[in-house]
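**Student:** Here it is, the structure in full.
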Amino acid sequence: MEQLVKDYSVTEQQTAKHVGSGDLDVLATPSLVAMFENCAKELLADVLQPEQTSVGFTMELKHLAPSRVGATITVTAEICAQHKNRVDFQLTATDGTRKVGEAQHQRVIVNAAHFMEKLAQDQNV
C-alpha cells in the first residue's frame, strides 16, 4: 500500500478557540481534518494527470486527544483501495508517542477545469 508521512506544527490559528469550534487553545478538530485531507491529497498528487485534482468526499474521524500550540502532529496517510475515481484512505495522527486522531477518508479524482465549469454553471442558475 502506498503511504505518506507528513509533519504539521500546531499554530495559534489552528486552535479551537481561534476557529470557533471550541473555547480552548488546543488543536481544533476542523484543523485536524485539514491536516488529514492535505496529507491524503499530497499522497495522490504524483499519480494524477496534469488536468486532474482530487476533492474530499467523506471523512469519518475520531479526535482522540488534545494537542497544544507548538506540538508536532505526524500524519500518516495510506491508500487502502481505489474504485474507479474514488480513493479510500486510512489516516492516523500522533503527537509524539500518543495517537491523537484517526480517520477513514475518501477522495474523488476529478478533471479540475470541468469541476470548476460545473460550479460556474450551477451558480448561474
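The values are calculated or read from the model by the stated rules, or taken from the named source; none is laboratory data. Computed from a prediction, not measured in an experiment: that's the story for all the values here. Glycine also receives a Cβ, built like all others from the backbone with ideal geometry; neighbour counts cover every protein chain displayed. Keep in mind that these areas ignore ligands, DNA and RNA; they rest on the heavy atoms of the full protein, side chains included. Shrake-Rupley method; radii C 1.70, N 1.55, O 1.52, S 1.80 Å.
**Student:** Leaving out ligands, DNA and RNA, and with a 1.4 Å probe, what % of the accessible surface on the chain is carbon or sulfur?
**Tutor:** Values: 3780 of 7450 Å².
Ligands and nucleic acids excluded, carbon and sulfur give 51 percent.
**Student:** Please sort 71-84, 30-43 by packing, taking for each peptide the average over its residues of neighbouring beta carbons within 10 angstrom, highest first. Display every interim value, and only then the final one.
**Tutor:** Numbers: 71-84: 15.7, 30-43: 20.4.
So the order, starting with the most tightly packed, is 30-43, 71-84.
**Student:** To the nearest 20 debye, what is the magnitude of the charge dipole of the chain about its Cα centre, counting +1 on the Cβ of each Lys and Arg and -1 on the Cβ of each Asp and Glu?
**Tutor:** Values: 11 positive and 16 negative charges, 40 e Å.
With only Lys, Arg, Asp and Glu charged at Cβ, the dipole is about 200 debye.
**Student:** So, one more: Using a simple spin-label model with points 7 Å from Cα along the Cα→Cβ vector, what separation in nm is obtained for Gln104 and Gln82?
**Tutor:** Once both label points are built, they end up 2.0 nm from each other.
**Student:** I've got another one for you. Only one of the listed values, [x] 90; [y] 154; [z] 125, was derived from the coordinates as volume of the Cα convex hull per residue in Å³; which label is it?
**Tutor:** Among [x] 90; [y] 154; [z] 125, the one derived from this structure is [z].
**Student:** If you roll a 1.4 Å probe over the heavy atoms of the protein chains, what accessible area per residue do you get for segment 1-71, in Å²?
**Tutor:** Numbers: 4290 Å² over 71 residues.
Heavy-atom accessible area per residue stands at 60 Å².
**Student:** For the Cα atoms of the chain, what angle does the longest principal axis make with the long axis of helix 112-123, in degrees from 0 to 90, nearest 10?
**Tutor:** 90 degrees
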